Amino acid sequence: MAGIRGPPEDSDLFPARPPPAAAELISDDDRSVAADSWSIKSDYGSTLDDEQRHADASEVLSASNFPAASDFSSDKDDPDANEVEPSILGLQSYWDSTYAEDLVNFREHGHTGEIWFGVEVMDVVASWTQNLCSNMVGGRNPANGSSDKSESADETYRDLSRWSVLDIGTGNGLLLQELAKQGFSDLTGTDYSEGAINLARNLADRDGFSSIKFLVDDVLDTKLDQKFQLVMDKGTLDAIGLHPDGPVKRMMYWESLSNLVAPSGLLVITSCNNTKDELLAEVDNFNKRIKSQDLDRDTNTEPTDVFRYLDHVRTYPTVIFGGVEGSRVSTVAFVRN
Ligand SMILES: C[S@@+](CC[C@H](N)C(=O)[O-])C[C@H]1O[C@@H](n2cnc3c(N)ncnc32)[C@H](O)[C@@H]1O
């Protein structure tokens, strides 16, 4: 996720990978500020519950072979090839200062701020998601292609306005505006940075999308007790993975998402730090861990996967690196069982 604070024109470029380490992004003076915010963020979510969840996740992590986020390259000779260096992009302080700056730019010049992965990707994600949701009508069960949906369920899916949609780490909220243009209307955006929510609300009001709901919320310690039929993530898991405790935070992420996505609902993740296969492997690991916990609890019901792969975007431009072909952005949809 390099070129992070590039001018708006640059945002149409796919960000280079792997993301820059904190030391590469900041000056010497800034470095001490970053070090301070680093220690501030080590208190991240320091409620008792969160500490307990963090300890649980750490324990599982040390006992399992959890895959690190990686470049799509298969350069496995390099022992570090599969590791993403922590970066200031993993810290809330970075996002707070970024959105404070963006708000000033919005007020003074009407700028929208960064469009992550560019306008083209945002448009693809919105229209592809609309198509995916619409395909849940007409008797097609998108998960297995069978025709076992009842007519009333078809009706519900056909009417996109009946889908409750949550965009986590919404930033400037522009993806939600695109989804509104696609026909979704029950839209909520959350971000742990208050500045992001202020910016998103201002932009939505300016652009005629005042009905979109926005609230400050940390997805790893969410206040939401509602479940959503469609949850979107564009770049948020990437940012979470860049925290110094990235691997643990990612585990907390999947736990939280399993509560936020409604049964039979969809999770659509767009990432530049993980390939489709890496995301699938991560979900597979999460499923196995939850299933083994269920077995330990000795429940009578057969444990099932929490998330299952549904589809992915196949139209992003690809590049060849180290003899392996891949695209720099991946968008993958999972169904919540
Ligand atoms: C790469 S930006 C993407 C922003 C937006 N989704 C987009 O595509 O333009 C990552 C966003 O995730 C937010 N974020 C990171 N960690 C978060 C967390 N734990 N809870 C909520 N938001 C988070 C950041 O504030 C930032 O807005």
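The values are calculated or read from the model by the stated rules, or taken from the named source; none is laboratory data. The model shown is predicted, which means the values in this text are computed figures rather than measured ones. FYI the Cβ positions are ideal-geometry reconstructions off the backbone, even for glycines, and counts take in every protein chain you see.
Of the residues making up segment 86-110, those that are of a type in the set (A, V, I, L, M), more than 8 Å from the ligand (Cβ to nearest atom) and in a helix (DSSP H, G or I) are 88, 100, 103, 104. The numbered conditions (1) closer than 26 Å to residue 305 by Cβ; (2) touching a helix residue (DSSP H, G or I) at 6+ places or on another chain (Cβ under 7 Å); (3) within 12 Å of the ligand (Cβ to nearest atom) are all true for residue 247 except (3). Determine if segment 158-170 includes at least one residue that is on the phi > 0 side of the Ramachandran plot, crowded, with 22+ Cβ neighbours inside 10 Å and modelled with pLDDT of 95 or more. Yes: segment 158-170 contains one or more residues that are on the phi > 0 side of the Ramachandran plot, crowded, with 22+ Cβ neighbours inside 10 Å and modelled with pLDDT of 95 or more. Residues of segment 205-214 that are more than 17 Å from residue 161 (Cβ to Cβ) and surrounded by 14 or more Cβ atoms within 10 Å (Cβ to Cβ): 207, 214.
Cβ separations smaller than 8 Å between residues 6+ apart or across chains give the following pairs from segment 217-246 residues that are within 22 Å of residue 117 (Cβ to Cβ) and of a type in the set (S, T, N, Q) to residues that are near the ligand (Cβ under 9 Å from one of its atoms) and outside any helix (DSSP H, G or I): 236/168; 236/169. So which residues in segment 119-137 are surrounded by fewer than 19 Cβ atoms within 10 Å (Cβ to Cβ) and closer than 24 Å to residue 202 by Cβ, if there are any at all? Passing the criteria: 119, 123.
Which one of these is surrounded by fewer than 16 Cβ atoms within 10 Å (Cβ to Cβ) and hydrophobic (A, V, I, L, M, F, W, C): 313, 324? I'd like the intermediate steps shown before the answer.
Numbers: 313 fails: surrounded by fewer than 16 Cβ atoms within 10 Å (Cβ to Cβ).
Criteria check complete, one pass: 324.
Just wondering, is there one or more residues in segment 192-207 that are in contact with a helix residue (DSSP H, G or I) (Cβ under 8 Å, 6 or more places away or on another chain), near the ligand (Cβ under 9 Å from one of its atoms) and not in a helix (DSSP H, G or I)? Yes - at least one qualifying residue is present in segment 192-207.
What are the residues in segment 169-191 that are within 9 Å of the ligand (Cβ to nearest atom) and of a type in the set (Ser, Thr, Tyr), if any? Working first, answer last.
Let us first name the residues in segment 169-191 that are within 9 Å of the ligand (Cβ to nearest atom), namely 169-175, 189-191.
170, 190 - these are the residues of segment 169-191 that are within 9 Å of the ligand (Cβ to nearest atom) and of a type in the set (Ser, Thr, Tyr).
Considering 307, 286, which residue is touching a residue at least 24 places away in the same chain (Cβ under 8 Å), touching a Ser or Thr at 6+ places or on another chain (Cβ under 9 Å), buried (at least 20 other Cβ atoms within 10 Å of the Cβ) and within 23 Å of residue 130 (Cβ to Cβ)?
Numbers: 286 fails: within 23 Å of residue 130 (Cβ to Cβ).
Matching residue, one of 307, 286: 307.
Among the residues of segment 61-69, not a single one is out of contact with any strand residue (DSSP E or B) (no Cβ under 6 Å at 6 or more places or on another chain), outside any helix (DSSP H, G or I), at pLDDT 50 or above and surrounded by 13 or more Cβ atoms within 10 Å (Cβ to Cβ).
Residues that are modelled with pLDDT of 95 or more and among the hydrophobic types (A, V, I, L, M, F, W, C) number at least 2 in the following strands (runs of 3 or more DSSP E) confined to segment 225-337: 228-234, 261-271, 307-312, 330-336. Only residues that are in contact with a His (Cβ under 6 Å, 6 or more places away or on another chain) and closer than 22 Å to residue 176 by Cβ: list them for segment 84-128, please. Answer for segment 84-128, where residues must be in contact with a His (Cβ under 6 Å, 6 or more places away or on another chain) and closer than 22 Å to residue 176 by Cβ: just 105.
Just give me the residues in segment 265-303 being more than 30 Å from residue 118 (Cα to Cα) and of a type in the set (Ser, Thr, Tyr), in sequence order. Matches in segment 265-303: 292, 299, 301. Take residue 215 and tell me if it is assigned to a loop (DSSP other than H, G, I, E, B), more than 9 Å from the ligand (Cβ to nearest atom) and not aromatic (Phe, Trp, Tyr). In short, no.
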